[in-house]
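Quick notes on the structure that follows.
The values are calculated or read from the model by the stated rules, or taken from the named source; none is laboratory data. These numbers come from a predicted model, not from an experiment. Cβ placement follows ideal geometry from the backbone for every residue including glycine, while neighbour counts extend to all protein chains displayed.
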Amino acid sequence: MNAVVERGKHVKAGVDRGTIMQSAGCRASAKTGQASCGSQAGQRDLPSEIWEKVKDHPCYSEEAHHHYARMHVAVAPACNIQCNYCNRKYDCANESRPGVVSEKLTPEQAVRKVLAVATRIPQMTVLGIAGPGDPLANPVKTFKTFELVAKAAPDIKLCLSTNGLALPDHIDTIARSKIDHVTVTINMVDPEIGAKIYPWIFFNHKRYTGIDAAKILTDRQLQGLEMLSERGILCKVNSVMIPNINDDHLVEVNKAVKSRGAFLHNIMPLISAPEHGTVFGLNGQRGPTAQELKALQDACEGEIKMMRHCRQCRADAVGLLGEDRSAEFTTDQVMRMDVQYDLEMREAYQGRVEDERAAKVAAAQKELAEFAGEMSAITLLVAVATKGSGLINEHFGHAKEFQVYELSTSGAKFVGHRRVDVYCQGGYGEEDRLSAIMRGIHDCHAVFVSKIGGCPKSNLIKAGIEPVDQYAHEFIEKSAIAWFKSYLDKVKRGEFQHVRRGGAALPQGSLISAA
Ligand code: CLF
Ligand code: SF4
């Protein structure tokens, strides 16, 4: 942590230091209570031109998401298809959790907002347009916004997310606009399955329904994906996992998108609740459990990287994945802000981030080197409370989510996150919330925190989850590997037997963040 705090000292006044400052003490009452995208090490093995594109993109690189932020601007309200998991009153569920966008923006308002965020959050490296409708159903506003941002803030990467229906019509414009990253949401390659997900599409001035609609959609999506790959534009495919509709089928989708050059596949859980007013929400269609999601992601893990750190963010999200700072950047606030886009300051800040990342990777590798030659069949999960920078720097009682790592003698691999309601209520802990948190991380052997109160500590121990605070403010992966080494030593010495833990019981929506 010291290096991190040191870095914070050099940051200009007015610039966000949220992720690099030590937090205040816990007020919870003891009485009451080579990284690859989507996985770990290996990213630096990528061809240099690909590495340059992903190294600071928080969605395309799991490692980067601890350090770099993205923002979305809601300039695209219309959509050209209907998904059964979307309600027009809500954000695009392809890229956002359901919830209204606070404000829709014009391209001019959007560029002002981008500059304001770039000034305050120098680790914001990516601008995405992801709704609230489909960006390519609003091509004029979408491309105008990208054009303005490219001129005003040339260091910011441009990112687009689409349902793919209109994609083949816009490939040349995308390439000309220097949009390096495109996400296509592909939920099926079989129109019969598609008909259960999409009631209609609007294409070439005509409405299509059922299997006809799904056939056109899948053809256009796959064609668009191929065209992007041919032009060297990095493509991510998002798929929404809908149990009993497309869950098994997503293995086929994985193969189809891999063969058409997709770089990364992000299988996300369906978010479905009656109050969203969606077809799936109203007919009781459930989302997958954490275990079902992980099993499918594991089954698809192959040559194409699987993204496991998606937070299904809002179409106006701002900040690190897993946090939402959009409320700090309303149009009114942005208009009042002193906006000074300072490329030099941003580069200097990001240079310090890179130093910290290098130190983190080196520390994990050093720790892992001690495992050299050691083999064990034991793998287990641990939960980590963090607010960014790859550090164990969050109190148990303040955590809004726990990141989950799978530990083995190969190292520590990020495999997901669990959103929770904050336990500490400013002076006391909420017992129901503690129970929910423990159910949510029930499949983990330990929880790493910077600090924890006596009550949650003893409850966790009773539940067989070891609270670990000895690595406070240290790097996550290095610490997890060190802890795992000592765990294996204890097993070897016969101090206890390793037992597999049962699945976590997750309430609907807990796989996603509050962002
Ligand atoms: Fe936005 Fe999407 Fe670009 Fe990222 S989000 S347009 S690729 S900058 Fe990221 Fe958010 Fe998941 Fe999307 S975590 S919902 S994958
Ligand atoms: Fe909703 Fe996005 Fe589907 Fe359009 S593409 S219906 S905005 S989820």
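I need a count of the residues in segment 459-499 that are assigned to a strand (DSSP E or B) and closer than 27 Å to Glu430 by Cα.
Number satisfying all stated conditions: 3.
Which ones in segment 327-374 are polar (S, T, N, Q), outside any loop (DSSP other than H, G, I, E, B) and touching a helix residue (DSSP H, G or I) at 6+ places or on another chain (Cβ under 7 Å)?
Thr331
Against the condition farther than 18 Å from Leu381 by Cβ, polar (S, T, N, Q) and buried (at least 21 other Cβ atoms within 10 Å of the Cβ), how does Ser450 come out, does it pass?
Yes: the conditions hold for Ser450.
Residue by residue through segment 226-256, note down the ones that are farther than 20 Å from Cys313 by Cβ and of a type in the set (Ser, Thr, Tyr).
Ser229
Please verify whether Thr173 is among the hydroxyl-bearing types (Ser, Thr, Tyr), at pLDDT 95 or above, out of contact with any Lys or Arg (no Cβ under 6 Å at 6 or more places or on another chain) and closer than 13 Å to Leu228 by Cα, treating the condition exactly as stated.
yes
Within segment 272-297, track down each residue that is under 20 Å from Cys59 (Cβ atoms) and modelled with pLDDT of 90 or more.
Leu293, Leu296, Gln297
How do the helices (runs of 4 or more DSSP H) wholly within segment 126-215 filter down when requiring 3 or more residues that are within 16 Å of ligand 1 (Cβ to nearest atom) and in contact with a helix residue (DSSP H, G or I) (Cβ under 8 Å, 6 or more places away or on another chain): which remain?
139-152
Quickly run through segment 74-108 and pick out the residues that are more than 7 Å from ligand 2 (Cβ to nearest atom), modelled with pLDDT of 90 or more and farther than 19 Å from Cys159 by Cβ.
Selection gives Ala78, Asn80, Asn84, Thr106, Glu108.
Looking at Gly164, is it touching a Gly at 6+ places or on another chain (Cβ under 6 Å) and either small (Gly, Ala, Ser) or modelled with pLDDT of 95 or more (or both)?
Criteria met by Gly164.
What pairs come up if the first residue lies in segment 176-188 and is farther than 19 Å from Pro154 by Cβ, the second is within 11 Å of ligand 1 (Cβ to nearest atom) and part of a loop (DSSP other than H, G, I, E, B), and their beta carbons are under 8 Å apart, counting only those six or more places apart or on different chains?
Here the result reads Thr183/Cys59; Thr183/Glu95; Thr183/Ala130; Thr185/Asn94; Thr185/Glu95, each pair linking segment 176-188 to a residue that is within 11 Å of ligand 1 (Cβ to nearest atom) and part of a loop (DSSP other than H, G, I, E, B).
With respect to Asp169, is the statement that it is of a type outside the set (Lys, Arg), surrounded by fewer than 20 Cβ atoms within 10 Å (Cβ to Cβ) and closer than 22 Å to Val251 by Cβ true?
When the stated conditions are applied, Asp169 does not pass them.
Quick one: which of Gly224, Gly232 is surrounded by fewer than 22 Cβ atoms within 10 Å (Cβ to Cβ) and closer than 30 Å to Val126 by Cβ?
Gly232
Exactly one of (1) in contact with a strand residue (DSSP E or B) (Cβ under 8 Å, 6 or more places away or on another chain); (2) modelled with pLDDT of 90 or more is unmet by Arg501. Its number?
Tallying (1) in contact with a strand residue (DSSP E or B) (Cβ under 8 Å, 6 or more places away or on another chain); (2) modelled with pLDDT of 90 or more, Arg501 fails exactly one: (2).
Could you please let me know if Leu343 is in contact with a Cys (Cβ under 6 Å, 6 or more places away or on another chain) and at pLDDT 90 or above?
Judged against the criteria, Leu343 is not a match.
Here are some residues: Ala295, Ala262, Ala299. Which one is away from ligand 2 (no atom under 14 Å from the Cβ) and crowded, with 22+ Cβ neighbours inside 10 Å?
Only one candidate qualifies: Ala262.
Within segment 375-386, restricting attention to residues that are touching a helix residue (DSSP H, G or I) at 6+ places or on another chain (Cβ under 8 Å) and not in a strand (DSSP E or B), which residue is nearest to Arg352 (Cα to Cα)?
Thr386
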